[in-house]
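What follows is a short report on a single structure.
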Amino acid sequence: MGRNAHIPAPDTQKFIIEKTSVLFNKKGYAGTSLSDLEKVTGLTKGSIYANFKDKEEVSLKVFDYNFSQLSKAMSKRVFEKTTAKEKLLACMDFYLDFYPNLLINGGCAIQNALTETDDTNSVLFERAKSALISWKETTIAIIKEGIANKEISDKITPADFAIYMIAVVEGAILVSRSLNDQSAFQYILTKLKGEIASL
(Lines give C-alpha, C1' and ligand atoms only; values in the text may rest on other atoms or scores of the structure.)
Protein backbone atom coordinates (compact mmCIF):
# COMPACT_ATOMS: atom_id res chain seq x y z
CA MET A 1 0.00 0.00 0.00
CA GLY A 2 1.31 3.45 -0.88
CA ARG A 3 1.16 6.53 1.28
CA ASN A 4 -2.36 6.81 2.65
CA ALA A 5 -4.17 9.38 0.55
CA HIS A 6 -5.96 10.86 3.55
CA ILE A 7 -2.69 11.81 5.27
CA PRO A 8 -1.56 15.33 4.29
CA ALA A 9 2.11 15.33 3.28
CA PRO A 10 3.23 17.77 6.04
CA ASP A 11 1.69 15.41 8.63
CA THR A 12 3.22 12.20 7.31
CA GLN A 13 6.34 12.35 9.49
CA LYS A 14 4.22 12.89 12.61
CA PHE A 15 1.96 10.02 11.52
CA ILE A 16 4.94 7.67 11.15
CA ILE A 17 6.37 8.63 14.54
CA GLU A 18 3.07 8.14 16.36
CA LYS A 19 2.26 4.86 14.60
CA THR A 20 5.69 3.34 15.31
CA SER A 21 6.22 4.66 18.86
CA VAL A 22 4.94 1.54 20.64
CA LEU A 23 6.45 -0.76 18.01
CA PHE A 24 10.01 0.45 18.64
CA ASN A 25 9.50 0.30 22.40
CA LYS A 26 8.22 -3.29 22.26
CA LYS A 27 10.43 -4.84 19.56
CA GLY A 28 13.53 -2.78 20.26
CA TYR A 29 15.34 -0.30 18.06
CA ALA A 30 17.51 -2.97 16.42
CA GLY A 31 14.71 -5.52 16.27
CA THR A 32 12.28 -3.26 14.43
CA SER A 33 12.65 -3.76 10.69
CA LEU A 34 11.68 -1.58 7.77
CA SER A 35 8.96 -4.08 6.90
CA ASP A 36 7.61 -3.64 10.44
CA LEU A 37 7.42 0.10 9.82
CA GLU A 38 5.64 -0.46 6.51
CA LYS A 39 3.15 -2.84 8.10
CA VAL A 40 2.22 -0.65 11.07
CA THR A 41 1.96 2.57 9.03
CA GLY A 42 0.53 1.19 5.80
CA LEU A 43 3.19 3.17 3.94
CA THR A 44 5.77 2.05 1.41
CA LYS A 45 9.52 2.12 1.94
CA GLY A 46 9.68 5.06 -0.45
CA SER A 47 7.11 7.03 1.54
CA ILE A 48 8.95 6.39 4.81
CA TYR A 49 12.35 7.33 3.38
CA ALA A 50 10.87 10.42 1.76
CA ASN A 51 10.32 11.67 5.32
CA PHE A 52 13.34 10.17 7.12
CA LYS A 53 16.92 9.59 6.04
CA ASP A 54 17.00 6.06 7.47
CA LYS A 55 15.62 3.83 10.22
CA GLU A 56 18.00 5.37 12.76
CA GLU A 57 16.47 8.80 12.20
CA VAL A 58 13.01 7.32 12.71
CA SER A 59 14.18 5.69 15.95
CA LEU A 60 15.60 8.97 17.26
CA LYS A 61 12.39 10.84 16.49
CA VAL A 62 10.36 8.05 18.08
CA PHE A 63 12.47 8.13 21.23
CA ASP A 64 12.07 11.90 21.46
CA TYR A 65 8.31 11.49 21.02
CA ASN A 66 8.02 8.76 23.68
CA PHE A 67 10.11 10.74 26.17
CA SER A 68 8.16 13.91 25.44
CA GLN A 69 4.83 12.17 26.03
CA LEU A 70 6.07 10.75 29.34
CA SER A 71 7.58 14.07 30.45
CA LYS A 72 4.44 16.06 29.65
CA ALA A 73 2.18 13.65 31.51
CA MET A 74 4.45 13.54 34.54
CA SER A 75 5.07 17.30 34.62
CA LYS A 76 1.35 17.96 34.63
CA ARG A 77 0.99 15.85 37.76
CA VAL A 78 4.16 17.06 39.49
CA PHE A 79 4.07 20.79 38.91
CA GLU A 80 0.47 21.28 39.96
CA LYS A 81 1.73 20.55 43.47
CA THR A 82 2.94 23.29 45.79
CA THR A 83 5.66 21.82 48.00
CA ALA A 84 8.80 19.94 47.04
CA LYS A 85 7.79 16.77 48.87
CA GLU A 86 4.38 16.85 47.21
CA LYS A 87 6.12 17.11 43.83
CA LEU A 88 8.41 14.13 44.53
CA LEU A 89 5.48 12.09 45.84
CA ALA A 90 3.42 13.05 42.79
CA CYS A 91 6.19 11.61 40.61
CA MET A 92 5.85 8.29 42.46
CA ASP A 93 2.06 8.37 42.22
CA PHE A 94 2.35 9.06 38.51
CA TYR A 95 4.40 5.89 38.01
CA LEU A 96 2.07 3.85 40.21
CA ASP A 97 -0.92 4.99 38.12
CA PHE A 98 0.95 4.82 34.80
CA TYR A 99 2.43 1.33 35.31
CA PRO A 100 -0.31 -0.61 33.43
CA ASN A 101 0.16 1.68 30.40
CA LEU A 102 3.90 1.22 30.72
CA LEU A 103 3.42 -2.53 30.34
CA ILE A 104 1.09 -2.14 27.35
CA ASN A 105 3.54 0.21 25.63
CA GLY A 106 6.60 -1.99 26.13
CA GLY A 107 8.20 -0.48 29.23
CA CYS A 108 10.21 2.64 29.95
CA ALA A 109 11.55 4.25 26.76
CA ILE A 110 14.67 5.55 28.53
CA GLN A 111 15.49 2.19 30.09
CA ASN A 112 14.86 0.30 26.85
CA ALA A 113 17.03 2.63 24.79
CA LEU A 114 19.91 2.70 27.29
CA THR A 115 20.07 -1.07 27.81
CA GLU A 116 19.66 -1.95 24.15
CA THR A 117 21.91 0.61 22.50
CA ASP A 118 24.88 1.11 24.83
CA ASP A 119 27.18 -0.81 22.45
CA THR A 120 25.20 -0.72 19.21
CA ASN A 121 23.81 2.76 18.61
CA SER A 122 25.84 5.52 20.23
CA VAL A 123 23.62 8.32 18.90
CA LEU A 124 20.44 6.88 20.42
CA PHE A 125 22.31 5.96 23.61
CA GLU A 126 23.44 9.57 24.05
CA ARG A 127 19.90 10.81 23.37
CA ALA A 128 18.52 8.48 26.06
CA LYS A 129 21.35 9.44 28.42
CA SER A 130 20.45 13.12 27.95
CA ALA A 131 16.83 12.31 28.85
CA LEU A 132 18.01 10.57 32.01
CA ILE A 133 20.17 13.57 32.92
CA SER A 134 17.19 15.87 32.35
CA TRP A 135 15.13 13.79 34.78
CA LYS A 136 17.97 13.91 37.29
CA GLU A 137 18.41 17.68 37.02
CA THR A 138 14.68 18.30 37.43
CA THR A 139 14.65 16.11 40.55
CA ILE A 140 17.72 17.88 41.96
CA ALA A 141 16.01 21.25 41.47
CA ILE A 142 12.92 20.07 43.35
CA ILE A 143 15.02 18.75 46.26
CA LYS A 144 17.01 21.98 46.43
CA GLU A 145 13.73 23.88 46.53
CA GLY A 146 12.63 21.74 49.47
CA ILE A 147 15.89 22.35 51.33
CA ALA A 148 15.69 26.11 50.71
CA ASN A 149 12.14 26.12 52.10
CA LYS A 150 13.27 24.07 55.12
CA GLU A 151 10.87 21.35 54.07
CA ILE A 152 13.64 18.83 53.38
CA SER A 153 16.63 18.28 55.66
CA ASP A 154 19.79 20.08 54.61
CA LYS A 155 21.65 16.85 55.39
CA ILE A 156 20.27 15.44 52.14
CA THR A 157 22.58 15.71 49.13
CA PRO A 158 20.24 16.56 46.23
CA ALA A 159 22.28 14.86 43.48
CA ASP A 160 22.71 11.68 45.51
CA PHE A 161 19.03 11.34 46.38
CA ALA A 162 17.96 12.18 42.82
CA ILE A 163 20.11 9.36 41.44
CA TYR A 164 18.87 7.00 44.16
CA MET A 165 15.23 7.82 43.45
CA ILE A 166 15.62 7.34 39.69
CA ALA A 167 17.55 4.08 40.20
CA VAL A 168 14.82 2.70 42.47
CA VAL A 169 12.05 3.59 39.99
CA GLU A 170 13.93 2.15 36.99
CA GLY A 171 15.00 -0.93 38.97
CA ALA A 172 11.41 -1.49 40.08
CA ILE A 173 10.23 -1.33 36.47
CA LEU A 174 12.89 -3.80 35.34
CA VAL A 175 12.31 -6.31 38.13
CA SER A 176 8.51 -6.18 38.13
CA ARG A 177 8.32 -6.48 34.33
CA SER A 178 10.78 -9.36 34.32
CA LEU A 179 8.87 -11.23 37.02
CA ASN A 180 5.45 -10.14 35.72
CA ASP A 181 4.72 -8.95 39.25
CA GLN A 182 2.94 -5.61 39.50
CA SER A 183 2.65 -5.96 43.27
CA ALA A 184 6.45 -5.83 43.50
CA PHE A 185 6.43 -2.50 41.69
CA GLN A 186 3.75 -1.16 44.00
CA TYR A 187 5.64 -2.34 47.08
CA ILE A 188 8.95 -0.78 46.00
CA LEU A 189 7.47 2.58 45.06
CA THR A 190 5.31 2.72 48.19
CA LYS A 191 8.45 2.12 50.25
CA LEU A 192 10.23 4.88 48.33
CA LYS A 193 7.30 7.22 49.01
CA GLY A 194 7.84 6.59 52.72
CA GLU A 195 11.48 7.57 52.38
CA ILE A 196 10.57 10.75 50.52
CA ALA A 197 8.02 11.69 53.18
CA SER A 198 10.69 11.37 55.87
CA LEU A 199 13.36 13.46 54.12
Q | Average projected area [Cα convex hull, segment 66-198], square nanometres | A | 7.9
**Q.** Crossing angle, helix 84-104 versus the chain [Cα axis fit, 0-90 degrees, rounded to tens]
**A.** 40
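Counting heavy atoms of the protein chains only and a 1.4 Å probe, report the per residue accessible area for the chain as a whole number of Å². Provide the component values of the computation, followed by the final result.
On the way: 10340 Å² over 199 residues.
That works out to 52 Å² for each residue.
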**Q.** Violating pairs (Cα-Cα greater than 26 angstrom) within the set Lys76/Lys193; Lys76/Lys150; Lys61/Lys129; Lys27/Lys81
**A.** Lys27/Lys81
Q: Leaving ligands, DNA and RNA out of it, work out the accessible area of Met165 with a 1.4 Å probe and give it in Å² to the nearest 10.
A: 0
Q) For helix 12-27, what angle does its Cα long axis make with the longest principal axis of the chain, in degrees from 0 to 90 and rounded to 10? A) 60
Q) Counting only the heavy atoms of the protein chains, how much of Arg77 is accessible to a 1.4 Å probe, in Å² to the nearest 10? A) 80
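The values are calculated or read from the model by the stated rules, or taken from the named source; none is laboratory data. This structure is a prediction, so every number in the text was calculated from the model and none was measured. Surface accessibility is based on the protein's heavy atoms, side chains included, excluding ligands, DNA and RNA. Shrake-Rupley method; radii C 1.70, N 1.55, O 1.52, S 1.80 Å.
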